[in-house]
Amino acid sequence: MPHRLLRFGLSKKYNEPRMFRSPEQLKKSYDVVIIGAGGHGLATAYYLARDHGITNVAVLERAYIGGGGTGRNTAIVRANYLTPEGVAFYDESVRLFQDLSADFDLNLFYSQRGHFTLAHSDASLRTMRWRAEVNKHLGVDSELVDTAFIKEKCPHIDLSCGGHAPVMGALFHPPGAIARHDAVAWGYGRGADQRGVEIHQQTEVTGILVEGDKVTGVQTNRGTVETSKVVCAVAGYTPPLLEMVGIKTPLVIQPLQACVSEPLKPWLDTIIVSASLHLYVSQSSRGELVTGASLDPYPIHSTRSTLDFVEGLSGHLLDLFPFLGDVKIMRQWAGLSDVTPDFSPIMGLSPVEGFYLDAGWGTWGFKATPVCGKTMSYTVAENKPHPLIEPFRLSRFKEFELVGEKGAASVGH
Amino acid sequence: MTDPIFIERLPAAGDEWIDRDQRLCFSFEGRCHRAYAGDTVSSALWGNGVRLLGRSFKYHRPRGVYSMCGHDANVMLEDGETPNIRGDTTLVEDGMELTAVNTVGSLRHDLAGLNDRMSGFLPVGFYYKAFHTPSWMFPNWERMIRGIAGLGKVNPAAEWKPSPKGYDACDVLIVGGGPSGMAAALAAGRAGGRVVLVEDTRCLGGSLCYAGATAPESAATVNSMRDELEKLENVEVRLNTSVRGCYSENWLAFIGPGGLTKMRATAVVVATGAYEQPAVFRHNDLPGVMLGTAAQRLVHLYRVKPMQRALVLVGNDYGYGVALDLKAAGVEIAAVADFRETIGKGELVHDVKTAGIEILAGQGVYEARPAGGLVGIKGARVCPVNSAGTGLSTSATNVNCDGIVMATGWAPAGDLIGQAGGRLDYVPEAAQFRPGELPPGMFAAGRVNGVFGVDARLEDGEHAGGQAAAFAAGKEVPARRRPADEITAPSYPYPIIKHPKGKAFVDFDEDVQVKDIVNAVKEGYDSVELVKRYATVGMGPSQGKISNLNSSRVLATATGQAVGAVGYTTFRPFTRPTTIGELAGRRFHPDRRTPIHSRHQAAGAVFMHAGAWLRPEYYGPLVRHQAIVREVQAVRRRAGVIDVGTLGKIDVCGADAAEFLERMYTGRFSDLKLGKCRYALMCDESGVVADDGMSARLGDDRFYVTTTSSGSAAIVREMKRWAIIWGLEVTIIDHTGQFGALNLAGPESRRILGRLTDLDIGADSFEYLGFRQAVVAGVNCRLMRVGFVGELGYELHVPAQHAAVLWDAVVEAGQPEEIMPFGVEAQRLLRMEKGHQIIGQDTDALTTPLEAGLAWAVKMAKPFFIGQRSLKIIAPRPNVRSLAGFVMHDSTVMPAECHLVVDGDEICGRVTSIARSPTLGQVIGMAYMRPDQTIPGTVIDICVEGRLVQAEVVKLPFYDPSNERQKS
C-alpha cells in the first residue's frame, strides 16, 4: 500500500482539490487563446505558464477536456520515425513523457513495453532497416531483429501469420510505451489551471477576428474575447477553423478507428504493430487489448464506427494470435485525423500574424503531446518557430520541402 | 468425486425454458452440479442453492444473480479454453468444468477479497494518485496491478475455429421479438415485402415470457401472434440471434447460430425493450439483491425459487406484480417498500393488499444487512425517503429477509438508436429517457419507445411496423404517434440512497460507488464523459447497461443539473461484446496465382509473396544463391524466360485515349506510332514517382499499358477516377487477371521465338521498342520488344487460358539453347546490372524523377501531366539527393539495402539495391547520396552495423552502357 493512499482511508472527508476550475465567465481579453482542450492545447498552456510566465491564457473547448484525439487514440508513444527531423522531434517527446508522471504528480501509467513493427516482406524489411539505421544514427534505440528475438519477447505470437505472410523480422524499439491517454490531458490541464490558465469547456469558437493580417480576438458561443495570439490545436476540426482566418492547407480529414476487448489477465507485454496487416495491439494495465488499424481510406467527417473495420482487424489479430477467437471485443470507436500529404504535422507561424498552427496530427498526435506543448509554447512566446518544429512549417508544401514520414507513420503507431 | 448437487425446482409450468427430461452434469469451482437442459449456468447454480457466483473486479466482493439477461458482468467464468463466459446467459452443457475468473485462491477463499476491507484506501481514480514515485518502483507496481486487474485468462494453445459469415437484405428488419416487435412484424408482414424478425433469446415473447402477474393474459397473446406470424411466408423469424451493431444506412450486424450476418435493411423497427435498472443503497451488490425481472426470469423460465423471504423494493406498479409472482412461487414476502409516498391504485397494488402483504409507502432501503462473509444478505434496513430523494436513516427499521428484489424503473435499450445517430431525450414526467428524433428509416416501438402497457405496446408495434413497411415501399410514412398507455410512471426518478459508510454501488462491473462519482465531480470531472473516463462508470463488460442511468442521476444531483442536461455517453457498437472469432469469420486470405503457376511448381520453383501474388523467387534444386547465379548466366549467355503475368495490364480506349495518357504519364504518347511502345512513368500531384510500365499503341484510339505488379489495382482505380474528373472519352479495361505474360530474354531469344511464329521478327523488321500482334505457338499474342533485364527480349502477352500453353511452347522451343526459367531474384539482379530502377525499391514516398535519374522520361514541355506543376517548381532547384551506382572494392563487408550513406554526422542517403553481380564479378549497388557525391570516382561512406565501409561511385549502367545487347 503506497503511503499516498493512506490519507484517503484515514480521513473522514474527501479533501482532494479540483483538478481544474470551471470559470463562470470569459474575461474580456487574454494574452493567448488556445482553441482545443486536448492534450496539445493543454500542454501548450501548461508550458506557456510554467516556462514562459504567460498565464493570462484561456483554453477554449467545445465539448470536454481530452474528448478528441487525446481520448480516442491507442495511447502508443515511440520515436522510431524515418526522417531525421521526425526522429529528433518524437525523441524529445519520449524523453518528456518519461518524466511526466513526476512532473504532474499524477500517475499516467507510462509503461515502457518495447515496440515491435513486424515485417512480412522483403520490402517492409528494407523499410524497417532504413528506420533502424536512421534511428541509431540519431541516437534512438532501435534495432532490426530476427524472428527468434520476437518470439522470445512475445512468446504467444504466431510468426507464420497463419501461413499467409510469415513474419520475417521486425523493427524493435525498446523505449516504445503506452500511457493512460486521458490522464495526460488531465495532468496538463491541472498544471495549467494551477498556474492561472483558464479552461473553458462547452465553449465553441464561432469566429476569429482578424484586422489586416493580425488576429485581434475570438468569438465564441459565450461571447467575444480580445487577444492577439490564437493557437489552433483542434486536429480533426482544423479545416473549419482555418476557413475563419482564410488559411489554406493540404489537410484531409479521415477517420481512424480502434476497439477494445474485455479485460484479460496479462499475456501480452509488448506493443505489436504490423504495417502489412494494418494492425497494432497492446494490452492495457487494466487487461484490455487496445487495438486499431490504419486510417479509413476515404475522407469523411464522421466518428461513426464501421463493421468492415472491426471485421478486418479481427481477422488480422487472429493471423498473429490465433488463440484469441473466443475473446470478445467490447467497444469500437472512431476519431478524426487531420492527415497531411507527407505524414508530418503542420506547426508554427501562419500567414496570419498571431495565429499559430498545431495541426496535421493524422495518426501520430498523442505521442507528440509533450513536445508539442514545449515547442508551441516557445513559438507563441517568442513569435518564432522552435527549431525542432521549423521543418514542419506550413510553407513547406509550397516550397516542396516535405518531411516524408509515410514509411513510419501510416500504420506504425 | 462428490455426488452432484441438485435441488428440485418449482412445479413444472407450461412455458418454462428447462427440459426436465434431460439432466446434465457440470462442475463449478470443483463441485459437481446437476442442471436441466435449458438451464443457464447461473440458473442451475442458483437453483442448487449456490449464492456465491463470482467476485467483483476491484474489491472482489461476492456477487450473485443480478439481471439474468447478459448484464451480470461479475458472474464471469472460464473453462481453460474460453475466457469471460457469462454465467447468466450461457447454457449449461454436459461435462462443463467452470471456474470463476479473477480470484486469488478460489472463489470462496479469494485472498483478493482483502481489497474490500481496504476500499477506503482505494478512492476513485486511486491509481492516478500513487505508485509513480519513486519512478523506479513503478514497473513493479505496474506488474502487480496488471496481475490483479484483468478478468479471464487466454489459453495460448487454443485453436482457431473458422466461423461462418452471411450477407442478407430485407425490407423491414425488426429487432426484438417481444409484443411490440411481433406486432410490428405482423403489420409489416401483412404489408408485403421481406420482413426479418430477430430475437436474442430462444423464443418469441420478450418480457411476456416471464411477465407472470404483471401481464396475466400474455401466454395466449404470444401464442396467437406466433401462429399468425407463422402463416406469413414473407416473415422470417431468427431466434437466438442478437443484433450487435447498427452502422450507417441501416447496415446491421447480428450474431446467431449461423455466425455473423450482415444485413442491409431498408427500414428498421427497434423493439429492443428496456433494461431494468437497480436501486442504489449500501450493499446493493451482494448475492440475494437482484432486479425484479431477474427474479421473474428465475421463477418463470427456470422454475427456481430465488429466495425464501424477500423484501420487494419498488418504484412503480410493476414491482407489485413481481411481489405477487414471488408469493405464488412460495417466497415469503416480508414487505413491499415503495419509494413513492402515494402508491398507485392499480390492480396489482390492490392484489398485493388483498394478499395481506405489508406495504411500506414512501420508504426505501437504507442498506442491506450482509450475511457472513458477505455471501448473501440476512435483512434490510428500510427507511422513509424524503422529498430530496435521500433516506432518513434515523428512523430505519429492520426487515429480515434473504433477498431484496428491486423494481424501480427502466432505461430504454436504445443502443441501436444511438449507434444509428438517433437521440434519446429525458422525459421528466416519466423519469425516463425516450427516443427523440430517429434517423431515416428507423422506427421504435414498445418499451424502448417509452410505452409500457401490453396493449399499448401491441398498438405501438403495429403502428411502427406499418411505418417501416411504408418507408420500405417508398410510400408516405404515417406520422409518429404515442398510443394511450395505462402505465404512465414506469420509473422512479431517484432510487438512490446514499450511505455514510459507502458501498452503495452504481456500477457493478467496475465497483463504482455513489461516493466515487460525487468525489469525481469534486475533483472537476463534472460531465458525463469525464466521469466515465475517470471513475470508469460504464467501461466494463456490460458497458453501462445497468449503471449509466444511475450514474447520470448521481451526477445530475452532484452538479445541480437535470438528468436530461447531464445526458448520457455515446452509444457505440457492440451492444453485447462480440468474439474476435465471430467477427473474423473464415479469414479469407486469397493467394493470387498466375496461369503458369503449375509449370513453376513442376520446375521446382521456390515461391515468394509479392503482394497477393505468389511468384517464383528462384528455381531449385540448387541453393538460393547458386540458383540465382545460374539463372542470371542463362539469360546473359543464352536465354531465359520469366513469368511477368503479375504486371498490371490495361487497355485504354476511346477517342481521347492518347490525350488521357498524355495527362496520366510524364512522357509523350500522342506521337507514339502504331506498332511502337514506350516507357511510361507516372507521378503523383506532388511530382513524386508513383509507378512505371510500358505503353503500346494498338490503334488511333487504343493503347495497351502495363504497370508495376504491386501498383496495378491502385493505378486502375486512379485512372478511372481521373477519367471521370477530366470528362474524357476514354474507357479503362483492366486485363490484369485476364492476360498472362512472360518475358523471353537473352541473346538467343530471337532464334527461339522464330520457331514459334510466322511474324517477321528480324532485327530490322521488329526493332527495339516495337509492338506487334501476332500468332505465337498458335495463340493470339501481343509482343513487346523490351529490355528490362538488359538483353534482347520479348514480352509476350496472351489470354490467361493460353498462357501455360505458350510457356510450354517457349520452354520446348528453347531446348536447343538450354533456355532456363528465371525468378524474381534473378530479374532483380539482371535489371540492376543494367541500372534500371524498381519503383518502390529505388524510389520512396518523396522521390522525384529528377532524383531517381528518370528525368529523361519527363517531358516538361507538354501542356499538362499529373505532377507537372510541382516538378516545374522543383526542377530549377538543386536536387537534395540523387540516385547513383556504386561498386564495392572490398566486398568482405556487404552493406544491406537501406544501410545509410553518411558523411560524418550527416545522413546523405541510403543504399536502395545491392547485390554481388555474377556478370561483373563484384558487388554493385545503387544508392541515394548528395548530388555532389554522384561524380564517378567519388568514395562514399556506408554505415554497416556501426562501421563505415567505402564504396566507389560509378556511372550507370554497370552493364552494356551502349545498349547494344538490348537493341541487337
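On the accessible surface of the range B:19-132, probed at 1.4 Å, how many percent belong to carbon and sulfur atoms?
Values: 1860 of 3720 Å².
Solvent-exposed carbon and sulfur of the range B:19-132 make up 50 percent of the total.
Could you work out how far helix B:548-559 tilts from the main Cα principal axis of chain B, as a 0 to 90 degree angle to the nearest 10?
80 degrees
Tell me the net charge near B:CYS898. Cut-off is 9 Å between Cβ atoms, B:CYS898 excluded, with +1 for each Lys or Arg and -1 for each Asp or Glu. Before the final figure, lay out each step's value.
Numbers: positive: A:ARG126, A:ARG129, A:ARG131, B:ARG910; negative: A:GLU133, B:GLU897.
Once positives and negatives cancel, what remains is +2.
Ignoring ligands, DNA and RNA, what percent of the accessible area of the range B:494-587 is carbon or sulfur (1.4 Å)?
51 percent
When ligands, DNA and RNA are left out and all protein chains stay put, how many square angstrom of accessible area per residue does the protein assembly as shown have with a 1.4 Å probe? Write down the numbers at each step before the final one.
Working: 49130 Å² over 1381 residues.
Accessible area per residue: 36 Å².
Identify the residues of the range B:36-63 with backbone N under 16 Å of a label point that sits 7 angstrom from the Cα of B:ARG309 along the Cα-to-Cβ direction, or state none.
Inside the label zone: nothing.
When the helix-only estimate is applied to chain B (DSSP H runs of n ≥ 4, each -39,500 (n - 2.57), divided by the residue count), what is the mean residue ellipticity at 222 nm, nearest 500 deg cm²/dmol?
Working: 25 runs with 222 residues, N = 968.
Rounded to the nearest 500, the figure is -6500 deg cm²/dmol.
Mind checking A:287-299 for the average number of partner chain beta-carbons within 10 Å of each residue's beta-carbon? Before the final figure, lay out each step's value.
Values: counts 10, 5, 2, 0, 1, 0, 0, 0, 0, 0, 0, 0, 0.
Mean shielding count: 1.
Quick one: with all protein chains in place, what share of the accessible area of the range B:278-408 is carbon or sulfur, to the nearest percent (1.4 Å probe)?
Numbers: 1960 of 4130 Å².
Here it works out to 47 percent.
Determine how large the accessible area of B:CYS246 is when every protein chain is in place; take a 1.4 Å probe and give Å² rounded to the nearest 10.
Its accessible surface works out to 0 Å², give or take rounding.
Quick one: net charge of A:VAL234's neighbours, Cβ under 12 Å, K/R +1, D/E -1?
Working: positive: A:ARG62; negative: A:GLU61, A:GLU204, A:ASP338, A:ASP358.
So the surrounding residues net to -3.
Which residues, if any, in the range B:487-535 lose at least 50 square angstrom of accessible heavy-atom surface (probe 1.4 Å) when the other protein chains sit next to their chain rather than the chain being alone?
B:LYS522, B:GLU523, B:TYR525, B:LEU530, B:ARG533
Need the per-residue list for the range B:130-176: every residue with at least 50 Å² less accessible surface in the complex of protein chains than in the chain by itself, probe 1.4 Å, sorted by number.
Listed by number, the residues meeting the 50 Å² cut-off are B:HIS132, B:PHE138, B:GLU142, B:ARG146, B:VAL154, B:PRO156.
Could I have the simple spin-label model distance between A:THR224 and B:ILE725, label points 7 Å from Cα toward Cβ, reported in nm to one decimal?
Label at A:THR224, label at B:ILE725, 4.0 nm between them.
Counting only protein chains, not ligands or nucleic acids, how are B:TYR36, A:TYR14 ordered by accessible area (probe 1.4 Å), most first?
Numbers: B:TYR36 5, A:TYR14 40 Å².
Result of the area sort, largest leading: A:TYR14, B:TYR36.
Ignoring everything but the protein chains, give the 1.4 Å probe accessible area of A:MET19 in square angstrom, nearest 10.
10 Å²
Rounded, prolate or oblate for the protein assembly as shown? Axes are the square roots of the Cα gyration tensor eigenvalues, ordered a ≥ b ≥ c, and the cut-off for rounded is a/c under 1.5.
Details: a/c = 2.13, a/b = 1.69, b/c = 1.26.
Prolate is the answer for the protein assembly as shown, as a/c is 1.5 or above and a/b outweighs b/c.
Among residues other than A:LEU388 whose Cβ falls under 11 Å from its Cβ, what is the net charge (Lys/Arg +1, Asp/Glu -1)?
Details: positive: A:LYS374; negative: A:GLU85, A:ASP91, A:GLU92, A:GLU390.
Net local charge, A:LEU388 excluded: -3.
At what distance in angstrom do the alpha carbon centres of the range B:373-428 and the range B:827-875 lie from each other?
The distance from the Cα centre of the range B:373-428 to that of the range B:827-875 comes to 71 Å.
I'm a student and want to see the number: the projected area of the Cα convex hull of the range B:751-908, averaged over all directions, in nm².
On the way: hull surface 57.2 nm².
Dividing the Cα hull surface by four gives the mean projection, 14.3 nm².
Please compute how much accessible surface disappears when B pairs with A, both sides summed, using a 1.4 Å probe, and round it to the nearest 100 Å². If you can, show how the numbers build up before the last one.
On the way: alone 40050 and 17950 Å², together 49130 Å².
Rounded to the nearest hundred, the buried surface is 8900 Å².
For B:SER224 and B:ASN398, FRET efficiency with R0 = 41 Å and r from the beta-carbon atoms, rounded to 0.05?
Working: r = 47 Å, r/R0 = 1.15.
Here the calculated transfer efficiency is 0.30.
Does chain B classify as rounded, prolate or oblate by the C-alpha gyration tensor (a ≥ b ≥ c root eigenvalues; a/c under 1.5 gives rounded; else a/b over b/c gives prolate, otherwise oblate)?
On the way: a/c = 2.67, a/b = 2.23, b/c = 1.20.
The shape class here is prolate.
Can you say what percent of the DSSP beta bridges in the range B:19-132, counting only those with both residues inside, are antiparallel? Round to 5. All intermediate terms of the calculation are to be shown ahead of the outcome.
Working: 15 of 17 bridges.
DSSP beta bridges in the range B:19-132 are roughly 90 percent antiparallel.
Ranked from the most accessible area to the least, with a 1.4 Å probe and all protein chains present, what is the order of B:ILE596, B:ILE145?
Numbers: B:ILE596 0, B:ILE145 30 Å².
My answer, sorted largest first, is B:ILE145, B:ILE596.
In nm, to one decimal, how far is the B:ARG482 label point from the B:HIS109 one, both placed 7 Å along Cα→Cβ?
5.8 nm
Note down, for the range B:217-300, the three equivalent ellipsoid semi-axes (square root of 5 times each alpha carbon gyration tensor eigenvalue), biggest first, whole angstrom.
Square roots of five times the eigenvalues give 31, 21, 12 Å.
Counting only the heavy atoms of the protein chains, how much of B:TYR494 is accessible to a 1.4 Å probe, in Å² to the nearest 10?
For B:TYR494, solvent-accessible area is about 50 Å².
Gap in Å between the Cα centre of the range B:879-907 and the Cα centre of the range B:786-819?
One Cα centre to the other: 36 Å.
Hey, can you list the residues from the range A:1-35 whose accessible area shrinks by 30 Å² or more with all protein chains present, relative to the chain by itself (probe 1.4 Å, no ligands or nucleic acids)?
A:MET1, A:PRO2, A:ARG4, A:LEU5, A:PHE8, A:GLY9, A:TYR14, A:GLU16, A:ARG18, A:MET19, A:PHE20
Counting only other chains, what is the mean number of Cβ atoms within 10 angstrom of the Cβ of each residue in peptide A:300-309? Provide the component values of the computation, followed by the final result.
Numbers: counts 1, 0, 2, 2, 8, 7, 5, 12, 3, 1.
The per-residue average across the peptide is 4.
The values are calculated or read from the model by the stated rules, or taken from the named source; none is laboratory data. None of these values were measured; they are calculated from a predicted model. Virtual Cβ from ideal backbone geometry, glycine too; neighbours counted across all protein chains shown. Remember, those area values only see protein heavy atoms, side chains included, never the ligands or the DNA or RNA. Shrake-Rupley method; radii C 1.70, N 1.55, O 1.52, S 1.80 Å.
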